[in-house]
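Enquirer: The structure under discussion is supplied below as structure tokens; questions concerning it will follow.
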Amino acid sequence: MLCVSVCSRMSELNGRVSAWSSSQVAQWLQDEGFGQYVDLLCSQHRIDGVSLLALTEADLRDPPLSLTVLGHIKRLSVALRRLQRENKAELEELGLWPPDANSAGLSLALCQTHSNGRFRQPMVGRLDPEVWKTVISSVYVFLVCGLTSFVMVIVHERVPDMRTYPPLPDIFLDSVPRIPWAFVMAEACGLILCYMFLLILLLHKHRSILLRRLCSLMGTVFLLRCCTMFVTSLSVPGQHLKCASLSYGDTWGKIQRALAIWSGFGMTLTGVQTCGDYMFSGHTVVITMLNFFVTEYTPRNWNLIHTISWVLNLFGIFFILAAHEHYSIDVFIAFYITTRLFLYYHTLANTRAFQHSRRARIWFPMFSFFECNVNGPVPNQYHWPFSKPAFMKTLIG
């Protein structure tokens, strides 16, 4: 009788795994010693043969399955990999082979971190602040800002002579008269957005991740700006700008000028006046990036905050153009690059798509390093970070 029973089960599981029904998957789970998961996998989630071949350890750990017994997760993962190896041809037909296991394993190894000298895995369902990564991103943007300031000094020495190279034709600049106070207003819009973001950063539960993302994105955009303004020197956009090629002498003189630009954040409000850094607009980058961070990391129903943020962004861009401090193409390219990079970054981070793409990990190594332990979208949760006053703790959480 035992032989008949075994043979009966074997005959039921013969044939293509991809053609298995949920009942055949249930029989396979029973034979492998995972009968306790038959109801969860086969009854609740309708796992059939195709689904079984596509199942991964991450699927077992993450919702909606959310298995919690580590030994069961590991043993079931081994059984799944064995089944996948035995049915490689079917996986190829389904487009699931090769699974890129080596690169996935490498990525996982890089994402594993150490805490107090102990080796640990990323925790599913919990967002680790990873302050040390935030410090690295802060150093990164700090160095990029220093490099940008030094490149601006070099660019100033190469400003085209206005008598030989007059301002280029520009539809907006040629049609809209210059407003002398407009650039100050643009910087005021940027400051208001900065204060809004700092308040959100203070109250956001996952402030370390927000700051890390802001630093990495800002640093990357301004690093690209270093390249573009160094490679291409545009003529001064307006006759009102008293710009001329200026030499700062030796290297120490250039460094001193770069430190002055860096310490003043490149803003006219702090007394910094620069020339030649037109392609593309750094003010537009900062204003747009802050707007996107404010709207992304506040609840969707905070319509007033989102409206104010967008109005400040758009008016800031208008004031930059109305001041005739940049060509229209400078502002357009800055807005486009900033928004695309922000959206690409967050799409990859929220969908975890980079985990399944070796190309993404090769082209975006810094992104993979910063985001590998962030499990999905960052929820907009707030709490008061100080113990006093007590009413703020009660009000915010």
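The values are calculated or read from the model by the stated rules, or taken from the named source; none is laboratory data. Keep in mind that this is a model prediction, so the values were computed, not measured. Heads up, the Cβs are rebuilt from the backbone with ideal geometry, glycines too, and the neighbour counts pull from every protein chain shown. For accessibility, only protein heavy atoms count, side chains too; no ligands or nucleic acids. Shrake-Rupley method; radii C 1.70, N 1.55, O 1.52, S 1.80 Å.
Enquirer: Projected area of the chain, taken from the Cα convex hull and averaged over every viewing direction, in nm²?
Expert: Convex hull of Cα atoms, orientation-averaged projection: 27.7 nm².
Enquirer: Right, next: Considering amide H positions built from the backbone, and no H for Pro or chain starts, which residues 5 or more places from residue 382, or on another chain, come under 5 Å of its amide H?
Expert: Residues meeting the amide H criterion: 205.
Enquirer: Another question, if that's okay. Sequence-distant or interchain residues sharing an amide H contact under 5 Å with residue 278, placed H: which?
Expert: 234
Enquirer: Just to check I understand the Karplus step: with θ = phi - 60° and J = 6.51 cos²θ - 1.76 cosθ + 1.60, what whole-Hz values come out for the stretch 334-342, glycine and proline as x?
Expert: 4, 5, 5, 4, 5, 5, 5, 5, 4
Enquirer: Using alpha-carbon pairs under 8 Å, 6+ residues apart, how would you state the relative contact order of the chain in percent?
Expert: It rounds to 20 percent for the chain.
Enquirer: Compute the long axis of helix 131-157 from its Cα atoms, compare it with the longest principal axis of the Cα atoms of the chain, and write down the angle in degrees, 0 to 90, nearest 10.
Expert: 30
Enquirer: Which angle between 0 and 90 degrees, to the nearest 10, do you get for helix 70-86 versus the longest principal axis of the chain when only C-alpha atoms count?
Expert: 80
Enquirer: Turning to a different aspect of this structure: Using heavy-atom solvent-accessible surface (probe 1.4 Å) with all chains present, what is the largest-first order of 171, 192, 261?
Expert: I get 171, 192, 261, largest accessible area first.
Enquirer: For residue 39 and residue 295 in the same chain, what is the full-extension length gain: residue separation times 0.36 nm, less their Cα-Cα distance, in nm?
Expert: 87.9 nm
Enquirer: Could you list the trypsin sites (Lys or Arg not before Pro) in the stretch 134-218 that lie in coil according to DSSP, counting only those with at most 14 other Cβ atoms within 10 Å of their Cβ?
Expert: Of the trypsin sites (Lys or Arg not before Pro), the ones in loops of the stretch 134-218 whose Cβ has at most 14 other Cβ atoms within 10 Å are 158, 163.
Enquirer: I would also like to ask the following. What full-extension length gain, to one decimal in nm, is calculated for residue 366 and residue 50 as 0.36 nm per residue of separation minus the Cα-Cα distance?
Expert: Using 0.36 nm per residue and subtracting the Cα-Cα distance, I get 110.3 nm.
Enquirer: Cut-off 20 Å, label point 7 angstrom out along Cα-to-Cβ of residue 386: give me the residues of the stretch 187-229 whose amide nitrogen falls inside.
Expert: 195-208
Enquirer: Now, a different point. To test your reading of the geometry: what angle, between 0 and 90 degrees and rounded to tens, separates the Cα axis of helix 2-13 from the longest principal axis of the chain?
Expert: So the helix axis and the longest Cα principal axis differ by about 30 degrees.
Enquirer: Can you tell me the dipole magnitude for the chain around its Cα centre, using point charges on the Cβ only (Lys, Arg +1; Asp, Glu -1), in Debye to the nearest 20?
Expert: Dipole about the Cα centre, nearest 20: 880 debye.
Enquirer: Once every Cα of the stretch 16-94 carries one equal point scatterer and solvent is ignored, give the base-10 log of I(q)/I(0) from the Debye formula at q = 0.12, 0.17, 0.20 Å⁻¹, two decimals.
Expert: -0.29, -0.60, -0.86
Enquirer: Give me the percent of the accessible area of the chain that comes from carbon and sulfur atoms, probe 1.4 Å, all protein chains in place.
Expert: For the chain, the apolar C and S fraction of the accessible surface comes to 66 percent.
Enquirer: Please check the chain for the longest run free of chymotrypsin sites (Phe, Trp or Tyr not before Pro) that are loop-located per DSSP (anything but H, G, I, E, B) and have at most 12 other Cβ atoms within 10 Å.
Expert: For chymotrypsin sites (Phe, Trp or Tyr not before Pro) (loop position, at most 12 other Cβ atoms within 10 Å), the longest site-free span of the chain is 182-385.
Enquirer: Considering only lysines 8 or more places apart in sequence, or on different chains, count the pairs in the chain whose C-alpha atoms sit under 22 Å apart.
Expert: 5
Enquirer: To the nearest 500 deg cm²/dmol, what mean residue ellipticity at 222 nm is calculated for the chain from DSSP H runs of n ≥ 4 alone, each contributing -39,500 (n - 2.57), summed and divided by the residues?
Expert: -19500 deg cm²/dmol
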